[in-house]
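One structure is given here, and the rest of the page talks about it.
The values are calculated or read from the model by the stated rules, or taken from the named source; none is laboratory data. Predicted model only: the values in this text are computed from it and were never measured. As a convention, Cβ positions derive from the backbone with ideal geometry for all residues, glycine included, and neighbour counts pool all protein chains shown.
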Amino acid sequence: MDIPEITGSVYYDPTVSQACYTVAGKPVDKLLVKETKGDNQMDTHSEETSGYYLKKLAKGDNKITLTNCYSEAIPDKLDLERFERGQQFFRQNISACLFTMMCSLVCGLCVTNLLEPLVFTGKSDTPQKSLIRYLKTMAHVVQWHCGNVWDINSKARKSLQIVCGLHDRTRVDMMKKTEKLYVSQYDMSLVQAGFMGAIIMYPKQFGIKASQNDLKDYVYFWRWIGYLLGMEDSNNICVNSLEEAIAICHEIENDIVYPALHKPPPHFHHMAKAFTDGSNILRNFKFFTPESVVSFSLDLAKKERLPHSFVDKIRIIFFKVFVNLIYYSSLFRNFMNRNIEHLCLALQDKRFDAGDGK
Ligand code: HEM
């Protein structure tokens, strides 16, 4: 099988909070990567299972991310009004969108490319650590949706730079231990789908009020967030139409996520349980389990559920009532949105004013 071989070396430079690269001792912007033969390639995009779009995305498996979030320049092509409409759509549906992202994240943990770096950093392997890690993730994501990411000095842009720094650092640290390239352009495509895919594929099922135009704007928003996080257009699944983004996300769910959920990698259950147990700490009640969240998500996509207990069946009914209430009752939706906004504001103040980049 082909595995990428990196020519040159990579290190993390804390003064600029990003990865730097050298070839033959000289600094370069990018590392060149050449294909070699080996037997430890990531197994999530084999020839037999890949669809049309996945084959194209897989070409980014040996490419690192770009450094777009450090540039002050605003891209010529950016339609700011449209981008802001995408942000507004999220804010109007903030609680349902965050719930959707949470379900995707639990399911996405079964994808080895994404799971391994999280296991490696060890920042989310206990309920307590996981809660803190994912509250931070939520605070970042909400910043991008609420702030001005195009102002280089804004908290929102600072947040994107922090995240790019975390990705670079993880890649660099992992490359000291293995020859695989982590957080590649291809991996970024998979995670981008994890954040926005379920929202555009199953809006109503997850309680999200969305017109076709809202979803188009939301894809547009993620096109530019992907850009700022260092994605090349060839791997950015939001670079074209809503229809294309949906088609790509369906390929990812059918060819990568479902097979992996039915045959999960060794650390999946531990990490998923740390995540759901961590979320339960907030309410002091066992609302979520990996099985209930995954089976609920599979139900919405009209796929076969995983084995689960009787109590999980009750949980799934509860989630369904929750999303229906959010969808049909504007009173409940507004109430939930306000609660989430307050939580996010408190988190952001705590996090960014303290200058916490970890
Ligand atoms: C569009 C794609 C992506 C988005 C939107 C995203 C989002 C985020 C956010 C918001 C954080 C900050 C969490 C914190 O402060 O603890 C983060 C950190 C991190 N991300 Fe990503 N990410 C993406 C792609 C990836 C990929 C492809 C990988 C690995 C394959 C990855 C692995 C990590 C790791 C290891 C951390 C450090 C925190 C930890 O160890 O848990 N991310 N990411």
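Scan the stretch 174-190 for residues that are near the ligand (Cβ under 9 Å from one of its atoms) and surrounded by fewer than 20 Cβ atoms within 10 Å (Cβ to Cβ) and report the count.
So the answer is 1.
When the residues of the stretch 266-301 are filtered to those that are assigned to a helix (DSSP H, G or I) and of a type in the set (D, E, K, R), which remaining residue is surrounded by the most Cβ atoms within 10 Å (Cβ to Cβ)?
Checked the stretch 266-301; the qualifying residue surrounded by the most Cβ atoms within 10 Å (Cβ to Cβ) is 291.
Taking helices (runs of 4 or more DSSP H) that do not extend beyond the stretch 58-154, which have at least 1 residues that are small (Gly, Ala, Ser), in contact with a helix residue (DSSP H, G or I) (Cβ under 6 Å, 6 or more places away or on another chain) and within 20 Å of residue 206 (Cα to Cα)?
Those helices (runs of 4 or more DSSP H) span 80-92, 94-108.
Being more than 13 Å from residue 107 (Cα to Cα) and of a type in the set (A, V, I, L, M) is the filter; apply it to the stretch 255-299 and report the residue that is nearest to the chain's Cα centre (by Cα).
So, considering only residues that are more than 13 Å from residue 107 (Cα to Cα) and of a type in the set (A, V, I, L, M), the one nearest to the chain's Cα centre (by Cα) is 274.
Suppose the filter is in contact with a strand residue (DSSP E or B) (Cβ under 6 Å, 6 or more places away or on another chain), more than 9 Å from the ligand (Cβ to nearest atom) and either in contact (Cβ under 8 Å) with a residue 12 or more places away in the chain or not polar (S, T, N, Q) (or both); does residue 149 pass it?
No; evaluated as a whole, the condition is false for this residue.
Quick one: in the stretch 199-226, of everything that is within 20 Å of residue 332 (Cβ to Cβ) and of a type in the set (Gly, Ala, Ser), which residue is farthest from the ligand (Cβ to nearest atom)?
207
Under 6 Å by Cβ, and 6 or more places apart or on different chains, what pairs join a residue from the stretch 55-70 that is over 26 Å from residue 254 (Cα atoms) with one that is at pLDDT 95 or above and acidic (Asp, Glu)?
none
Kindly indicate the residue of the stretch 163-173 that is touching a residue at least 12 places away in the same chain (Cβ under 8 Å) and near the ligand (Cβ under 7 Å from one of its atoms) and also nearest to residue 254 (Cα to Cα) among those meeting that condition.
167
So, in the stretch 303-325, of the ones that are in a helix (DSSP H, G or I) and under 24 Å from the mean Cα position of the chain (by Cα), which residue ends up surrounded by the fewest Cβ atoms within 10 Å (Cβ to Cβ)?
Among those that are in a helix (DSSP H, G or I) and under 24 Å from the mean Cα position of the chain (by Cα), it is 320.
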